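The values are calculated or read from the model by the stated rules, or taken from the named source; none is laboratory data. Quick caveat, the model's predicted, so the values are computed rather than measured. Neighbour counts are summed over all protein chains in view; Cβ atoms, including those assigned to glycine, are modelled from backbone coordinates with ideal geometry.
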Amino acid sequence: MAIDHVLKLYAETIRSPYLHYGYWDEPEKVNADSLSIDDIADAQGRYIEHLTSFIPEDVRSILDVGCGVGGNTAYLQERGFDIDVLSPDSYQEEVIKEKFNGALQFFKSKFENFETDRTYDLILESESACYIKIEPGFTSARRALRTSGYLLVADYFVCYRDERGSPHLKSSHPMKAYLEGAEAAGFKLLKEYDQTENTMPTLDAAHHFIERFILPTAEYAQVSLQRKNPLTYRLMKSLFGKNISSKMDQLDLVKSEEFRKYRKYMIYLFQKV
Ligand SMILES: C[S@@+](CC[C@H](N)C(=O)[O-])C[C@H]1O[C@@H](n2cnc3c(N)ncnc32)[C@H](O)[C@@H]1O
């Protein structure tokens, strides 16, 4: 993978060191329509704080798989963990090398293809498990973990299917297949935690932002182009019309009621047995 431009867009617009959903302690009290970008960045800080509480006491070395732009890494490094990072993305490689001034080991690789001589106490996959193929991902995790080492995963999984073709059914693993894959690869599930509700205000805020700012702006641009330059408008419509309607279907991805219907956002702590 060269550069994931969607993740790059998040990193450059939100300008937080995290690329995950964040964690809201009291989601029922959050008014998502009035959240600021700083509120979301604060929730992202709480996410790694909460996730860290799942790290067992005997862990010292960590491989942060799918490290993004290094927010989790920095948090864990500040708490004294000995940490290496991995990502297949060139943009993230550049950001990490600059942020940590070359002071930590960056592996540029898909985790499925990762080979190492070093073993770690814990592998962290924070919102990266959904990108990693199940079976080769567990094989790499076994290889990179010491005896009785841990795999800590925080990500969303598909827990319900129907025939509506929801975008929520794509780009995440079926929960059952993932847990069966873990067991087949010799991983024992020690702890699980459903944090779906604690992540939903971020989706609600994104939905609100898109409805309030992005859609009206896009509509204005369309009407304006149609009036001032009908020929260009028709050309654009014939070129991108289908593309735009499939992008509109993607809006379902930021509807929390759709997320809840098809997915759960889980924390899993596994141990290599
Ligand atoms: C949503 S971001 C999460 C980043 C970071 N862990 C965080 O919580 O802020 C997903 C990360 O997984 C990485 N990724 C994508 N495919 C991968 C693969 N096959 N192996 C390892 N990492 C991958 C992306 O480049 C990115 O760093």
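Restrict the check to segment 151-168 and report whether at least one residue is within 14 Å of the chain's Cα centre (by Cα), more than 15 Å from the ligand (Cβ to nearest atom) and in a helix (DSSP H, G or I). Scanning segment 151-168 turns up at least one residue that is within 14 Å of the chain's Cα centre (by Cα), more than 15 Å from the ligand (Cβ to nearest atom) and in a helix (DSSP H, G or I). Residue count for segment 34-86, restricted to those that are assigned to a loop (DSSP other than H, G, I, E, B) and within 15 Å of the ligand (Cβ to nearest atom): 8. Total residues in segment 169-181 satisfying the condition of being at pLDDT 95 or above and in a helix (DSSP H, G or I): the figure is 7. Output the residues belonging to segment 9-33 that are at pLDDT below 90 and either near the ligand (Cβ under 10 Å from one of its atoms) or hydroxyl-bearing (Ser, Thr, Tyr) (or both). Correct list: TYR10, ALA11, THR13, SER16.
Of the residues contained in segment 135-144, none is found to be hydrophobic (A, V, I, L, M, F, W, C), over 15 Å from the mean Cα position of the chain (by Cα) and not in a helix (DSSP H, G or I). Name the residues in segment 167-214 that are exposed (fewer than 13 other Cβ atoms within 10 Å of the Cβ) and farther than 21 Å from ILE267 by Cα, would you? Across segment 167-214, the qualifying residues are ARG212, PHE213, ILE214. Going residue by residue through segment 89-99, is there one that turns out to be aromatic (Phe, Trp, Tyr), surrounded by fewer than 19 Cβ atoms within 10 Å (Cβ to Cβ) and either at pLDDT below 95 or assigned by TED's automatic domain parsing to the domain that holds ALA185 (or both)? Among the residues of segment 89-99, at least one is aromatic (Phe, Trp, Tyr), surrounded by fewer than 19 Cβ atoms within 10 Å (Cβ to Cβ) and either at pLDDT below 95 or assigned by TED's automatic domain parsing to the domain that holds ALA185 (or both), which makes the answer yes.
For first residues located in segment 128-140 and without any contact (Cβ under 8 Å) to a residue 24 or more places away in the chain, partners that are part of a helix (DSSP H, G or I) and near the ligand (Cβ under 8 Å from one of its atoms) and lie 6+ apart or on another chain with Cβ distances below 6 Å form the pairs LYS133/GLU112. In segment 204-216, the count of residues that are more than 20 Å from PHE54 (Cβ to Cβ), of a type in the set (A, V, I, L, M), within 16 Å of the chain's Cα centre (by Cα) and not assigned by TED's automatic domain parsing to the domain that holds GLU49 is one or more. Could you list, in sequence order, all residues of segment 87-132 that are under 24 Å from GLY149 (Cβ atoms), touching a strand residue (DSSP E or B) at 6+ places or on another chain (Cβ under 9 Å), outside any strand (DSSP E or B) and more than 9 Å from the ligand (Cβ to nearest atom)? Once the filter is applied, which keeps residues that are under 24 Å from GLY149 (Cβ atoms), touching a strand residue (DSSP E or B) at 6+ places or on another chain (Cβ under 9 Å), outside any strand (DSSP E or B) and more than 9 Å from the ligand (Cβ to nearest atom), segment 87-132 yields ILE96, PHE100, LEU104, GLN105, THR116, ARG118, THR119. So for segment 114-136 (the condition being under 28 Å from PRO17 (Cβ atoms), touching a Lys or Arg at 6+ places or on another chain (Cβ under 6 Å) and assigned by TED's automatic domain parsing to the domain that holds TYR23), does at least one residue qualify? Yes, segment 114-136 has at least one match.
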